[in-house]
Amino acid sequence: MTIKKANRGFTLIEVLIAMLVMSLGLLGVAATLITAMHSANSNYLKQQAVQSTYDMADRMRSNFLVASIPNAGNPYVTGPSAPGATAPTPDCTATACTGSAMAAYDVWQWKEALKNTLPGGLGSITVVPAATGNKALVTITVQWSDQPARATFNPTSAVTTATFSVVTQL
């Protein structure tokens with residue numbers, strides 16, 4: 001009995017070509033997964049920033065009399081800086097505080113949370129009187145480093161800082 005040449009099976013070259021095609025496909029899948037991971041991380045950080053801005057807006061609404069003072073003299077007004085090394089005194093979670101002391105404590109807690117939840121997280125707040133009525137317009141801005149996502153989606157951009165702002169009326 002002789003075996004026909006067509007029924008002998010795959011040659012080594014055919015197997016190597018199949019493995020090459022399959023490995024290229026798997027590299028494409030891996031690149032897609034890395035891009036999806038960076039996108040998910042970027043979206044998570046943005047959601048944290050959104051949540052923190054609304055947290056501060058709610059804190060300011062609960063202390064309306066102090067929060068509605070325009071920029072000059074308002075303890076909620078702050079620039080984009082890191083929180084102080086220690087919490088302001090008195091500790092408003094343990095004792096009763098004045099409105100101004102509560103505002104200082106709110107800002108410190110907010111900045112501490114930004115520092116702990118966002119890479120390079122900084123926050124700023126401005127308060128201006130509204131055009132009509134006794135309301136105040138508050139701008140709450142959060143900045144953070146979004147370098148991994150920026151490098152993935154726009155590698156030619158030198159900007160690595162993401163910013164989210166909310167303008168609300170108290």
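The values are calculated or read from the model by the stated rules, or taken from the named source; none is laboratory data. Since the model is a prediction, treat every value here as computed from it, not as a measurement. Here the Cβ positions follow ideal geometry from the backbone for every residue, glycine too, while neighbour counts run over all protein chains shown.
Under the condition of being of a type in the set (Gly, Ala, Ser) and not in a helix (DSSP H, G or I), which residue from the range 21-73 is nearest to the chain's Cα centre (by Cα)?
Per the criteria, the residue is SER68.
Would you check which residues across the range 107-134 are outside any helix (DSSP H, G or I), free of Cβ contacts under 8 Å to residues at least 12 places away in the same chain and not small (Gly, Ala, Ser) and list them?
THR132
Run TYR76 past the list (1) assigned to a loop (DSSP other than H, G, I, E, B); (2) farther than 27 Å from MET37 by Cα; (3) at pLDDT below 90 and report the number of the one that doesn't hold.
Status for TYR76: all satisfied but (3).
Within the range 60-88, track down each residue that is of a type in the set (S, T, N, Q) and either under 18 Å from GLY123 (Cα atoms) or touching a helix residue (DSSP H, G or I) at 6+ places or on another chain (Cβ under 8 Å) (or both).
Listed by number, the residues that qualify are ASN63, ASN71, ASN74, THR78, SER81, THR86.
List pairs: first residue in the range 17-43 and on the phi < 0 side of the Ramachandran plot, second residue of a type in the set (Ser, Thr, Tyr) anywhere in the structure, Cβ distance under 7 angstrom, at least six positions apart or on different chains.
THR35/THR152; HIS38/THR152
Scan the range 49-84 for residues that are farther than 25 Å from CYS97 by Cα and surrounded by 18 or more Cβ atoms within 10 Å (Cβ to Cβ) and report the count.
1
Does ASN116 qualify as being exposed (fewer than 13 other Cβ atoms within 10 Å of the Cβ) and under 17 Å from THR163 (Cα atoms)?
Answer is yes for this residue.
For the range 119-137, which residues satisfy the criterion of being within 22 Å of ALA49 (Cβ to Cβ) and either touching a helix residue (DSSP H, G or I) at 6+ places or on another chain (Cβ under 6 Å) or among the charged types (D, E, K, R) (or both)?
GLY121, GLY123
Please determine, by comparing only the residues of the range 11-64 that are aromatic (Phe, Trp, Tyr) and at pLDDT 90 or above, which one is nearest to THR160 (Cα to Cα).
In this case the residue turns out to be TYR44.
The conditions are (1) touching a strand residue (DSSP E or B) at 6+ places or on another chain (Cβ under 7 Å); (2) crowded, with 19+ Cβ neighbours inside 10 Å; (3) small (Gly, Ala, Ser), and ALA130 fails exactly one of them. Which is it?
(2)
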